């Protein structure tokens, strides 16, 4: 054995965190520096020269949204899979108990005809945009530039699945209690053809083909999802309370907790990018100019048919979220 080989010292556990000069947190151990294929000359598993390799170079490594060290990003919640499950188990237990309690009270039988029509048009068809939320977050996770960003996308995808599943459950309950209506039968037709949904349908489907990872993040997490959450979650909850549907309002309140977590990491990522390179602000604002008009039209069209809804207030809240980040729209 040569002298140079014999004197090599083995790396310590968590060696990439040694510069911190402290024992790493659970979040740091299980979340950081987990992607092996982040070098610009590193191909994906398919190999160099193939279509997927070209895709990575164009839409992932070639994005105009840049950073000198993507691995330095940290989720402001420091969330790990173990704690995510603990938190969401508690949330699901809470919502399940709500559904049981209101079911025992015969809640659905007391809803007005006007509100049932709103539920048919606005509430139960939302299974489709929620499914697109899962698809969008899946793309974000697949092409994110660091493992800490991948994880935030994955938790956001799980959030969408949670709310999609609960919405399917409520659709079945409404169908059981109001069999003469179209709950469970008409949602696809409503999503594809109702004027109320066509703005969001265009916005969400176009966001699916925003392939550049930077533009995808802006189009979905800073625009499309914010618009959807303000209209379908926040504004819908307010209108549900006015209509006497406290169950829908309380379920939406639970949904909003996940919305707020999504916005925290989105805000952190924007600040992370702009702090590293002020030019990123112009890049983001350029994309916002493309996507915000579609989102505001979508909100207006959806809320036009929701009794008591205020589309202007919903769009104002969405703009405030971006304005608080120092962005233009």
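The values are calculated or read from the model by the stated rules, or taken from the named source; none is laboratory data. This one's a predicted model, so the numbers in the text were calculated from it and none came from an experiment. Every residue, glycine as well, gets a Cβ built from its backbone with ideal geometry; the counts of neighbours run over all protein chains shown.
Filtered by the rule that a residue be surrounded by fewer than 20 Cβ atoms within 10 Å (Cβ to Cβ) and touching a helix residue (DSSP H, G or I) at 6+ places or on another chain (Cβ under 6 Å), segment 209-232 gives 211, 212.
Figure legend. Inter-residue proximity from segment 301-313: first residues on the phi > 0 side of the Ramachandran plot, second residues surrounded by 15 or more Cβ atoms within 10 Å (Cβ to Cβ) and outside any loop (DSSP other than H, G, I, E, B), beta-carbon distance below 6 Å, spacing 6+ or different chains. Indicated pairs: 308/239.
Residue 84 - would you say it is more than 20 Å from residue 215 (Cβ to Cβ), in contact with a helix residue (DSSP H, G or I) (Cβ under 6 Å, 6 or more places away or on another chain) and either modelled with pLDDT of 95 or more or loosely packed, with under 12 Cβ neighbours inside 10 Å (or both)? Before the answer, list the steps.
Numbers: more than 20 Å from residue 215 (Cβ to Cβ): yes; in contact with a helix residue (DSSP H, G or I) (Cβ under 6 Å, 6 or more places away or on another chain): yes; either modelled with pLDDT of 95 or more or loosely packed, with under 12 Cβ neighbours inside 10 Å (or both): yes.
The answer is yes for residue 84.
Looking at 287, 265, which is the one that is under 30 Å from residue 90 (Cα atoms), buried (at least 22 other Cβ atoms within 10 Å of the Cβ) and touching a helix residue (DSSP H, G or I) at 6+ places or on another chain (Cβ under 7 Å)?
Details: 287 fails: under 30 Å from residue 90 (Cα atoms).
Only one candidate qualifies: 265.
There is at least one residue in segment 100-107 that is farther than 30 Å from residue 281 by Cα, more than 24 Å from the chain's Cα centre (by Cα), in contact (Cβ under 8 Å) with a residue 12 or more places away in the chain and surrounded by 16 or more Cβ atoms within 10 Å (Cβ to Cβ). I'd like to know if segment 237-251 contains one or more residues that are part of a helix (DSSP H, G or I) and within 19 Å of residue 133 (Cα to Cα). Among the residues of segment 237-251, at least one is part of a helix (DSSP H, G or I) and within 19 Å of residue 133 (Cα to Cα), which makes the answer yes. Among the residues of segment 311-328, those that are more than 18 Å from the chain's Cα centre (by Cα) and farther than 15 Å from residue 229 by Cβ comprise 312, 323, 324, 326, 327, 328. In segment 41-49, is there at least one residue being in a loop (DSSP other than H, G, I, E, B), at positive phi and at pLDDT 95 or above? Within segment 41-49 (the criterion being in a loop (DSSP other than H, G, I, E, B), at positive phi and at pLDDT 95 or above), the answer is no, since none of the residues qualifies.
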